[in-house]
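A short worksheet on the structure shown next.
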Amino acid sequence: MISRKLVNIPHLTPRTHNSTHYRTLNSSILFSPPFVPKPPSFLATNVIKSYFETGLVREARTLFDEMPERDVVAWSAMINGFTSCNLHVNAWTMFREMLRDEEDVKPNEYTFSSVLKACKSMGSLSCGALVHGLALKHGVLGSIYVRNALMDMYGMCCDGMDRACAVFEEIGVKNSVSWTTLIAAYTHLGDGHGGLRVFREMLLDGAELNPFNVSIAIRACSSIGSQAYGKQIHATVFKRGFESSIPVMNSVLDMYCRCIGLSEADQCFHGMTEKDIITWNTMIAGYEKSDPYEALNLYSSLEFEGLTPNCFTFTSVIAAVANMAVLGVGEQIHGGIIRRGHGDDLGVANALIDMYAKCGSIMNSCKIFNEMHDKNVVSWTSMMVGYGSHGHGKEAVDLFDKMVASGVRPDRIVFVAVLNACSHAGLVDEGLQYFKMMVHSYNITPDQEIYGCIVDLLGRAGRVKEAYQLIEAMPFMPDESVWGAFLGACKAHKLAELGKLAASRVLDSRPSVAGTYLALSSIYAADGKWGDFARIRKLLKGTGNKKEAGRSWIEVRNQTYSFVAGDKLGVHIVWVYEAIDMLGLHMKEAGYNPDLQCLIHDLENEEPD
DNA sequence: ATAGGGTTAG
């Protein structure tokens, strides 16, 4: 047996008895155990790798520091280990240490792909570009791993998309990872159309569909709300047998939640034979806004399936609680979050700020906000929106300045929040200053929503003429949010003619907006034009639209009571009216004189025909 | 020792 093997390996046939090949061959086959010389750091590097895999970061570092010789493999294992434990700054520091090290170890393609992943997660274009230069210097750009990692890094950093495309173009022979990475870059940027364009190019190029590129393509469909493409790709999922892949089915499920409908999504959810925590999270997030009770039901049945809720679960569950505005439930779940050690997660803390504000406990929002050790732009915005909705406009504006001072760059949504706060606090000139700052200092192009905020800001303060001039000067056609804000100002300041103009513009673009008909009819009513009032009401009935009633609710002894204006049902309703009467008395005592002129004509009070 | 896919807060 052994002699046959020797004979069958021609290039190892010994020429002389003392040749290395011969001795190695003899010793490995004839005398076991074999002696295979290994690099001195081989064992230690493997132990480092397993330490990181089990989260023993300190142990890994200690072992590395004690190694007498540290080769490129050991350094790369450290950098990759830190990255895989989400310690990206440590990974970056490690890389810099490596470059400064006296032993003068040269980074290789493995080092570069690992450190680029750290740059990507830090979102640091400057670090990434520096590494790009070093990669060129060290001659590792021939590696498709390095090229793909570079493209991934550029694609995930802001303002990096052009460079990601440039790297992609420079790759001679693209592999499936190159394509997937580019599609993902477009999609995560919010450009789903771009993602699908690359997906089509990929297919034209002859690349095969696989679960990776299919799931990101479905994600691109949901980001642009395309039912047609989404369903088309879902069909190929079945055709290719990808429905056995949980990630693929999770993105299909998400697409159903966002673009098709919750009952269809629910069918898809129940049809999945294998589910993971992400499947459940997707469904909970799907229900969070429109059916928060169902979201909570799913959350409570999740553990029976042997799954453990994670921070994504809790952000959605807390958002659901915020939408129900039930403080007691929110506090209970907050307790569960702390117990499970997710209290310090950034996303969870942000959701808690929002939840407490919406449940009426702005003090708890503040407490969480102040105790957060790092805050992102969402944390600041949530707190500002919370203050704004509690009528603390000044605090919200102060927070904006503190945010900028702390080095967080404001985005468009922060400006929406601060402008709304200014609007409600009557800080008109401050608001206009922020608008200027947004355009000139932060290069944010105002969109419909921002113009709507400014129109609202001016309109509320009675500066209706300026608001109208702004609308005229807009670089694009104002949509219903802008005209809606203007209409609100006309209604508040009883400017019937301008109000009619604004209403007709809203109805031209979106004839289905029930609120506009109501606002317009109130303007007519306030003007004593009852014929016009009746005509508009009739038009509204003709559209088949009904303005959704504003629902209020209150928790008393763990029981939630909900009601709308004009409610006649429910045993508790007498108590509601009694409470309202008392509130009315208190308001009169406090000197508040309610303006009933507009409210009286609200649809909810209308008798059926 | 080595790269790619899914869920997430205003």
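Residue-wise test of (1) over 33 Å from the mean Cα position of the chain (by Cα); (2) within 11 Å of DNA strand B (Cβ to nearest atom); (3) modelled with pLDDT of 90 or more.
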site: A:E53; (1), (2), (3): no, yes, yes
site: A:E59; (1), (2), (3): yes, no, yes
site: A:V73; (1), (2), (3): yes, yes, yes
site: A:G81; (1), (2), (3): no, yes, yes
site: A:S84; (1), (2), (3): no, yes, yes
site: A:A91; (1), (2), (3): no, no, yes
site: A:R96; (1), (2), (3): no, no, yes
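When A:G335, A:G306 are screened for being more than 18 Å from the chain's Cα centre (by Cα), more than 14 Å from DNA strand B (Cβ to nearest atom) and within 30 Å of A:G241 (Cα to Cα), only A:G306 passes.
Has the range A:283-293 got any residue that is within 10 Å of DNA strand B (Cβ to nearest atom), of a type in the set (S, T, Y) and in contact with an Asp or Glu (Cβ under 6 Å, 6 or more places away or on another chain)? Scanning the range A:283-293 turns up no residue that is within 10 Å of DNA strand B (Cβ to nearest atom), of a type in the set (S, T, Y) and in contact with an Asp or Glu (Cβ under 6 Å, 6 or more places away or on another chain).
Listed conditions (1) within 22 Å of A:A425 (Cβ to Cβ); (2) open to solvent by less than 10 Å² (accessible area, probe 1.4 Å) are all met by A:G462, apart from (2). For beta carbons closer than 6 Å, sequence separation of 6+ or different chains, a first residue in the range A:270-284 that is within 18 Å of A:G241 (Cβ to Cβ) and a second that is of a type in the set (V, I, T) and within 9 Å of DNA strand B (Cβ to nearest atom), the qualifying pairs are A:E274/A:I246.
If I filter the range A:222-242 for residues that are without any contact (Cβ under 8 Å) to a residue 40 or more places away in the chain, near DNA strand B (Cβ under 9 Å from one of its atoms) and either assigned by TED's automatic domain parsing to the domain that holds A:K117 or more than 21 Å from the chain's Cα centre (by Cα) (or both), do I get at least one hit? So far as the range A:222-242 goes, yes, one or more of its residues are without any contact (Cβ under 8 Å) to a residue 40 or more places away in the chain, near DNA strand B (Cβ under 9 Å from one of its atoms) and either assigned by TED's automatic domain parsing to the domain that holds A:K117 or more than 21 Å from the chain's Cα centre (by Cα) (or both).
Taking the condition exposed (fewer than 15 other Cβ atoms within 10 Å of the Cβ) and of a type in the set (G, A, S), does A:A235 pass? It is true that A:A235 is exposed (fewer than 15 other Cβ atoms within 10 Å of the Cβ) and of a type in the set (G, A, S). Of the helices (runs of 4 or more DSSP H) lying entirely inside the range A:263-346, the ones with 1 or more residues being of a type in the set (S, T, N, Q) and exposed (fewer than 13 other Cβ atoms within 10 Å of the Cβ) are found at A:292-302, A:327-339.
If you go through the range A:243-256 and keep only what is more than 8 Å from DNA strand B (Cβ to nearest atom) and either surrounded by 22 or more Cβ atoms within 10 Å (Cβ to Cβ) or on the phi > 0 side of the Ramachandran plot (or both), you end up with A:M249, A:V252, A:L253, A:M255, A:Y256. For the range A:17-39, the count of residues that are assigned to a helix (DSSP H, G or I), within 12 Å of DNA strand B (Cβ to nearest atom) and either modelled with pLDDT of 50 or more or assigned by TED's automatic domain parsing to the domain that holds A:M98 (or both) is zero. Away from DNA strand B (no atom under 12 Å from the Cβ), within 22 Å of the chain's Cα centre (by Cα) and in a helix (DSSP H, G or I): is that true of A:I368 in this structure? Spelling it out, A:I368 is indeed away from DNA strand B (no atom under 12 Å from the Cβ), within 22 Å of the chain's Cα centre (by Cα) and in a helix (DSSP H, G or I). For the range A:65-75, a tally of residues being part of a loop (DSSP other than H, G, I, E, B) and open to solvent by 20 Å² or more (accessible area, probe 1.4 Å) returns 4. Run down A:I218, A:I260 and say which single residue is within 11 Å of DNA strand B (Cβ to nearest atom) and β-branched (V, I, T). None of the other options fit; the residue is A:I218. Here A:N213 meets each of (1) more than 8 Å from DNA strand B (Cβ to nearest atom); (2) polar (S, T, N, Q); (3) in contact (Cβ under 8 Å) with a residue 24 or more places away in the chain with one exception, condition (1).
Just so you know, in the range A:499-517 the residues that are closer than 10 Å to A:W483 by Cβ and among the aliphatic types (A, V, I, L, M) include one that is modelled with the lowest pLDDT, and it is A:V513. Considering only residues in the range A:387-415 that are in a loop (DSSP other than H, G, I, E, B) and over 23 Å from the mean Cα position of the chain (by Cα), the one that is surrounded by the fewest Cβ atoms within 10 Å (Cβ to Cβ) turns out to be A:G391. The C-beta contact set for the range A:181-192 (first residue in a loop (DSSP other than H, G, I, E, B), second residue of a type outside the set (A, V, I, L, M) and within 11 Å of DNA strand B (Cβ to nearest atom), distance under 9 angstrom, 6+ apart or interchain) comprises A:L189/A:G155; A:L189/A:G195; A:G190/A:S223; A:D191/A:S223.
The values are calculated or read from the model by the stated rules, or taken from the named source; none is laboratory data. Computed from a predicted model, the values in this text were never measured in an experiment. Here the Cβ is made from the backbone with ideal geometry for all residues, glycine too, and neighbour counts use every protein chain on show. Surface areas here come from the heavy atoms of the whole protein model, side chains and all, with no ligands, DNA or RNA. Shrake-Rupley method; radii C 1.70, N 1.55, O 1.52, S 1.80 Å.
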